[in-house]
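Visitor: My structure is below; once you've seen it, I'll send some questions.
The values are calculated or read from the model by the stated rules, or taken from the named source; none is laboratory data. All figures in this text were calculated on a predicted structure; none of them were measured in a lab. Note that we place each Cβ from the backbone using ideal geometry, even for glycine, and neighbour counts take in every protein chain shown.
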Amino acid sequence: MKNIFQKVSIFILSFSIYPESEIEFSFNSDSIWRGLTQNNGNPTLGVEINFALNNGFFSGAWIESCCSESPSFPNREVGYLVGYEKNIDENLYVSFNYVGTNYPDSKIDNYDELKINLTFYNFGITYFKGLDNFPDYYELAYRYEFLNNSLNLTYGDFDSYKNLNSSNGVNYSIGVDTIQNNFTLSFFYYYFNANSSNELDDDGFVFSISRKTSF
């Protein structure tokens with residue numbers, strides 16, 4: 001199944017038939033994944049490219065210089081996705097997609113998921129179904145927009161991965177996005193509450209700057 005979706009994704013990305021295409025460059029003071037730092041508090045660089053058809057089908061790919069907590073960890077993340085999105089009405093949006101996350105220099109850490117997202121007004125529910133024994137994850141989100149800014153609140157819950165208790169817990173975040181001269185500036189606080197031990201709790205502030213360009 002994994003190989004099939006990889007081939008489909010590459011096939012779709014190889015054709016310039018998309019009426020909507022954009023690329024985004026980003027700099028982040030850290031890489032936070034489900035409430036956990038992937039880069040031990042060090043900055044990361046990322047590039048993401050996305051394509052969308054008028055009928056709702058979309059695909060994308062990204063690369064980030066993250067995940068290098070130690071020399072034994074992977075030092076870059078490469079991913080892809082393919083899916084379908086539908087606006088039920090102007091206030092109800094749903095999407096389904098397949099996500100593959102890969103680490104070229106540590107393939108044992110690769111994982112694949114099915115993602116379902118439902119957005120109603122300013123509220124969002126996202127559920128990730130892990131494949132090949134990868135644990136599931138869900139996240140609740142709220143977004144309030146004002147002027148050129150937005151206030152973002154999230155809550156997520158993730159079971160332990162490969163019996164690593166340090167990844168078992170819930171996470172919260174609160175942050176603000178603002179648009180300045182075609183750049184998006186993001187600043188948020190995250191908190192991770194481990195289920196196994198208070199000693200594994202973590203929190204911190206993250207800043208990022210990004211820019212999207214259509215082509």
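Visitor: Conditions first: (1) polar (S, T, N, Q); (2) over 19 Å from Arg211 (Cα atoms); (3) surrounded by fewer than 17 Cβ atoms within 10 Å (Cβ to Cβ). Ser21 passes all but one, so which condition is the exception?
Guide: (2) is the only condition that Ser21 fails.
Visitor: Counting just the residues of segment 121-144 that are among the acidic types (Asp, Glu) and at pLDDT below 95, which one comes out nearest to Asn168 (Cα to Cα)?
Guide: Checking each candidate, the answer is Asp136.
Visitor: Just for segment 126-135: of the residues that are of a type outside the set (Ser, Thr, Tyr) and surrounded by 14 or more Cβ atoms within 10 Å (Cβ to Cβ), which one is farthest from Val176 (Cα to Cα)?
Guide: Leu131
Visitor: Sort through Asn110, Asn39 and tell me the only one that's over 20 Å from Tyr190 (Cβ atoms), of a type outside the set (Val, Ile, Thr) and at pLDDT below 95.
Guide: Going through Asn110, Asn39 in turn, just one is over 20 Å from Tyr190 (Cβ atoms), of a type outside the set (Val, Ile, Thr) and at pLDDT below 95: Asn110.
Visitor: Looking only at segment 177-194, how many residues end up being surrounded by 14 or more Cβ atoms within 10 Å (Cβ to Cβ), aliphatic (A, V, I, L, M) and farther than 24 Å from Asp136 by Cβ?
Guide: 1
Visitor: If you go through segment 159-193, how many residues are farther than 16 Å from Asp203 by Cβ and assigned to a strand (DSSP E or B)? So that I can check it myself, show each step before the final result.
Guide: So in segment 159-193, the residues farther than 16 Å from Asp203 by Cβ come out as 159-165, 168, 176-186.
Going one step further and asking which of them are assigned to a strand (DSSP E or B), we end up with 161, 164, 176-180, 183-186.
Selection size over segment 159-193: 11.
Visitor: So, one more: Can you name every residue in segment 112-125 that is surrounded by 18 or more Cβ atoms within 10 Å (Cβ to Cβ) and either assigned to a loop (DSSP other than H, G, I, E, B) or touching a residue at least 40 places away in the same chain (Cβ under 8 Å) (or both)?
Guide: Asp112
Table: residues versus (1) more than 22 Å from Pro43 (Cβ to Cβ); (2) at pLDDT below 95.
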site	(1), (2)
Tyr172	yes, no
Thr184	no, no
Tyr191	no, no
Arg211	no, no
Phe215	yes, yes
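Visitor: Working only within segment 34-59, note down all residues that are assigned to a strand (DSSP E or B) and either within 18 Å of Asn75 (Cα to Cα) or under 15 Å from the mean Cα position of the chain (by Cα) (or both).
Guide: Hits for segment 34-59 are Leu36, Thr37, Thr44, Leu45, Gly46, Val47, Glu48, Ile49, Asn50, Ser59.
Visitor: Just to be sure, is Tyr121 over 21 Å from Asn50 (Cα atoms), aromatic (Phe, Trp, Tyr) and over 17 Å from the mean Cα position of the chain (by Cα)?
Guide: Yes; evaluated as a whole, the condition is true for this residue.
A quick yes/no check of all residues on (1) out of contact with any helix residue (DSSP H, G or I) (no Cβ under 8 Å at 6 or more places or on another chain); (2) surrounded by fewer than 19 Cβ atoms within 10 Å (Cβ to Cβ); (3) closer than 19 Å to Asp177 by Cβ:
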{"residue": "Ser31", "(1), (2), (3)": "yes, no, yes"}
{"residue": "Gly60", "(1), (2), (3)": "yes, no, no"}
{"residue": "Cys66", "(1), (2), (3)": "yes, no, no"}
{"residue": "Pro74", "(1), (2), (3)": "no, no, no"}
{"residue": "Glu77", "(1), (2), (3)": "yes, no, no"}
{"residue": "Tyr80", "(1), (2), (3)": "no, no, no"}
{"residue": "Ile88", "(1), (2), (3)": "yes, yes, no"}
{"residue": "Val94", "(1), (2), (3)": "yes, yes, no"}
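Visitor: Scan segment 120-136 for residues that are closer than 25 Å to Asp201 by Cα and among the aromatic types (Phe, Trp, Tyr) and jot them down.
Guide: Those that are closer than 25 Å to Asp201 by Cα and among the aromatic types (Phe, Trp, Tyr): Tyr127, Phe128, Phe134.
Visitor: What is the one condition in (1) closer than 17 Å to Asp201 by Cα; (2) out of contact with any helix residue (DSSP H, G or I) (no Cβ under 6 Å at 6 or more places or on another chain) that Glu139 does not satisfy?
Guide: Here Glu139 clears every test but (1).
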